[in-house]
Structures are given as C-alpha cells and as structure tokens.
Amino acid sequence: MSLPPSPQRYSGSPAGLIDDAVREIFLRVPADDPKSLVRAAAVCTSWQSILSDVVFTRQYRVFHGAPPMLGFLHNRRHEKSRGKGINRRYEEYVVSNFVSTATFRSPACHERRHWRALDSRHGLVLFHTPNKTEGDADFVICDLVTYDQWRIKANDEWSDIIWHYRGNEGILWNAAVLCGKDRCDHLYCHGGPFLVALVFWNEEQKITFGSVYSSETHKWSDMISIEEPNAIKKSGHIAVVGDKVYFQCEHSESIVEYNIGEQELSVIHLPIDDEDLPDIDLMGVHDGMLLFGTIVWPRLYLRSMVAGPNGAKGWARRRVIELKPVLPPRALFLMSVVGFAEAVGAIFLSTQDGVYTIELSSGQSKSVHSKPIFGKVMPYMSFYTRGTN
C-alpha cells in the first residue's frame, strides 16, 4: 500500500488538518502490512508521533478488528555429528522456525535451537526448552512483537515427565498458552497476564492429569485428574473457547476438555460420522465451534461441533472442499492438514509443493512456504504497532 505524501509538501495547509488526514490514511494501512507503518514512522517526527500515539494504535486495532497473521511457527529436527571414523556419533536436536507471511519481520522472529514451539495464541508463543538452555526454565513464553520473555519452571513432582519432550515411557503430554485477562477482546494482549495449561497422560494408570500456571500468582495449580484410556496427542492441535482448553487424544475419537475456571477435566467423544473418513483431527475454533479436519484425496473434509456439558451433540456443520480447482496440480500430492489460523479462517495444507492456505470464506488458496512441513503449524496472530497500550 502506498504511503501518504510527506507533510512538507503541504506546508501552507493547517497542520491539524494535515495530521487528521494522515491519521485516516494510516488507519487504512492493511494490518498485515506493518512494513509500511515502520517506514512511515521513519519519514519525519510528525508521522512518528502519530504512529506512536496510544490513541491511534487503539483506533487502528478497533478499525481492523481481529489481529492479522504475521507468520507461523513449526519445528524441524536436525542432526549433527561428533567425532570421526568409528567414533562418530550423531545427535538429534530440534529447531523452532518462524515463517513470515506479512511485510515485516520482527527481530524476535528467528529460529531457536533446542527450543520446541508448543502453542501460539493471543500474541504469545509457548516454547519447551528440554535441554535447559534457559537455566532452570522448562518453558519460555515469548511475545514476538515486544520481545518480552517469561521463564517458567515446572513443579518438582512432574518436572521429570517433561524433561525430555518424548517423555518417560508411557507418558505423553501437551500444553497451551492463553491470555489470562478477564473479559479481554484479545486485540492487544501484550504485557497482560497469561495462563499455561498442561495435561499429561500416564499409560500405566490410564489417567490424564492437568495443571495450570498463572503469571499473576507465579504458581501452578493443584493437579487434577480423570480416568482416560486414550493417550494425549503430544503434537496435536489445541483449541480454546473461553476458559476451556481442548486437547486431541492419540488414535481415538475423543478429546480432553480442561475447564480452567472450574478446574475440571472431562472426556468428549466425537460424533460418529456416516462417511468412511480416517481419523479427523482437532484444528481449532471457527464461528465459536470446535473445528476438525482431514483429507481424503482429493477433498478436504471439515466438521464443526458445539461441545456441551454432556459432550458432543453431533456434528453441527459439515463441509467438503474440492482441492483440484483451488490447488496447482503439483500440490495435490502428499497432502495433510497441518494448521488453522482462527482469526482469518484459513486452513494450512502441507503438500509436495510446499505449504498452502485455503480461506474458508472464499475458498481461495495461497502459497506461504516453498517446502512441505511434517508436523503442526502454529499461526502467530498479532498487531505490529508502535503504541504500548
């Protein structure tokens, strides 16, 4: 988007009128084009003052509504060798990567060796640091816009469980991060309180445990549990509706609901589908309902449901998207659903030709990464503005 002309060209005009006009133009800069705002702030002190004004940044967020997608995170395994000849040893390590989809990349959006991205929501990213690269911290929460970081240590009673991401034998776990501010509209959660919800499953006991960390109290809650024969999917997507967090179970037609407000765990069995579909995975939340998706070539199958107090009442919505008309021929192979950007309503598909998004509202596709991704994609949604409130 082209920027307004420099105010020096209108030196004969009333300064207040110029500022009002420039404000209106800046308000209409697309939210996923922060590069234009960054460049504009460097033009002159007048523009910098407008873009740094707290009132303007609030107006900008309200004008655009839901935060834009600035990029997405994913994890890749790497291998390095030590020694030579018969003494050569290979060591695996994980790297979390950020792929920008906007016009400006924050300095905080870089790859992190030995950090595993677990979840991204409300402008925050939850990382697991299994090698204790951050001192005693087991988790690091990072704001990729402000570069604020918070380090969290797990409770002693279950810190051994998450010491290595693969966990102890027979134990699988997953964790989510979310805004902890009451009645927040999630347009600007930077610097606010946050929560980390952790669930893990013990195969021997057939029990799922849960606990939540609060940045306000700096403490984990007492552990709660529920009998559940199905393992937590350690790389599964996570959905949040209000103060309820939903985790996918491994190789099963069920999900675990963690009601943070009531400190309760419950198991929700998915409705039986009348079509012969493979395992359908939890993707996120769309139109206030839990969204599930899977691919049966060459179609994308989507299901939505409302989870009530007694579990699922059936699929509330069904949709099938034909992929041949929206993807190039090369992208129709090795397809899998790897993520969902809730605020913009876009499904991520990994293909032989790289990663594509498909907008649910328009059905249009867009290439966002040149290589396939084997694992989940975690979109990062946030406004990139200079004001602090």
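The values are calculated or read from the model by the stated rules, or taken from the named source; none is laboratory data. These numbers come from a predicted model, not from an experiment. A quick note on method: Cβ atoms are made from the backbone with ideal geometry, for glycine too, and the neighbour counts reach across all protein chains shown. To get the accessible areas, we keep the full protein, side chains included, count just its heavy atoms, and leave off ligands, DNA and RNA. Shrake-Rupley method; radii C 1.70, N 1.55, O 1.52, S 1.80 Å.
Counting protein heavy atoms only, the range 338-377 has 47 percent of its accessible area on carbon and sulfur, 1.4 angstrom probe. In this structure the range 245-389 gives 45 Å² per residue of accessible area when probed at 1.4 Å with all protein chains present. Note on residue 147/residue 205: beta-carbon distance plugged into 1/(1 + (r/R0)^6) with R0 of 51 Å gives a FRET efficiency of 0.80.
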